[in-house]
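All of the numbers you see were taken from the coordinates with simple rules; none came from a lab. Since the model is a prediction, treat every value here as computed from it, not as a measurement. Every residue, glycine as well, gets a Cβ built from its backbone with ideal geometry; the counts of neighbours run over all protein chains shown.
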Amino acid sequence: MNNNLNFLFGMYEPATDSVIVNTSENSFLVIRCKECNSCVIFEDTNDIVYLYRLAAEAPLTYAKLALKANGLQNYVDAMNWFN
């Protein structure tokens, strides 16, 4: 994994359930949310809303967490701890 990715812009695309990130002038990264979210273990199945809200409201943060080992799992666990 290249840790030197420079995320310039990101957006959530609901039609494809993907986060699309511009990493350079002509380079894009597409992260399929369904695939990434399927790796997360939820205490309550409704907790998946944390990830969809993150993808929609902060797509660059979602992308960075999705690329880290256990990043999305740690995010959901933290949200459960705070709530």
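Between a first residue in region 62-78 that is free of Cβ contacts under 8 Å to residues at least 12 places away in the same chain and a second residue that is small (Gly, Ala, Ser), which pairs have beta carbons less than 9 Å apart while being 6 or more apart in sequence or on different chains?
65/71
Please determine whether any residue of region 17-33 is part of a helix (DSSP H, G or I) and touching a helix residue (DSSP H, G or I) at 6+ places or on another chain (Cβ under 9 Å). I'd like the intermediate steps shown before the answer.
Let us first name the residues in region 17-33 that are part of a helix (DSSP H, G or I), namely 33.
If we keep only those that are touching a helix residue (DSSP H, G or I) at 6+ places or on another chain (Cβ under 9 Å) as well, we get 33.
For region 17-33, residues part of a helix (DSSP H, G or I) and touching a helix residue (DSSP H, G or I) at 6+ places or on another chain (Cβ under 9 Å): present.
This table checks each residue for (1) small (Gly, Ala, Ser); (2) in contact with a Phe, Trp or Tyr (Cβ under 9 Å, 6 or more places away or on another chain); (3) surrounded by 10 or more Cβ atoms within 10 Å (Cβ to Cβ).
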site: 38; (1), (2), (3): yes, no, no
site: 45; (1), (2), (3): no, no, no
site: 54; (1), (2), (3): no, yes, yes
site: 61; (1), (2), (3): no, yes, yes
site: 67; (1), (2), (3): no, no, yes
site: 72; (1), (2), (3): no, yes, yes
site: 76; (1), (2), (3): no, yes, yes
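Suppose we filter region 8-40 for residues that are of a type in the set (Lys, Arg) and touching a strand residue (DSSP E or B) at 6+ places or on another chain (Cβ under 7 Å); how many remain?
Residues of region 8-40 that are of a type in the set (Lys, Arg), as a first pass: 32, 34.
So of that shortlist, the ones also touching a strand residue (DSSP E or B) at 6+ places or on another chain (Cβ under 7 Å) come out as 32.
Residues flagged as of a type in the set (Lys, Arg) and touching a strand residue (DSSP E or B) at 6+ places or on another chain (Cβ under 7 Å) within region 8-40 amount to 1.
Assess whether residue 29 counts as being surrounded by 14 or more Cβ atoms within 10 Å (Cβ to Cβ), over 19 Å from residue 83 (Cα atoms), in contact (Cβ under 8 Å) with a residue 60 or more places away in the chain and of a type outside the set (Gly, Ala, Ser).
Spelling it out, it is not the case that residue 29 is surrounded by 14 or more Cβ atoms within 10 Å (Cβ to Cβ), over 19 Å from residue 83 (Cα atoms), in contact (Cβ under 8 Å) with a residue 60 or more places away in the chain and of a type outside the set (Gly, Ala, Ser).
Can you pull out every residue in region 34-54 that is under 10 Å from the mean Cα position of the chain (by Cα) and either under 13 Å from residue 67 (Cβ atoms) or not in a helix (DSSP H, G or I) (or both)?
Residue satisfying the conditions is 36 alone.
For region 56-83, which positions are out of contact with any Pro (no Cβ under 9 Å at 6 or more places or on another chain), small (Gly, Ala, Ser) and in a helix (DSSP H, G or I)?
Hits for region 56-83 are 63, 66, 71, 78.
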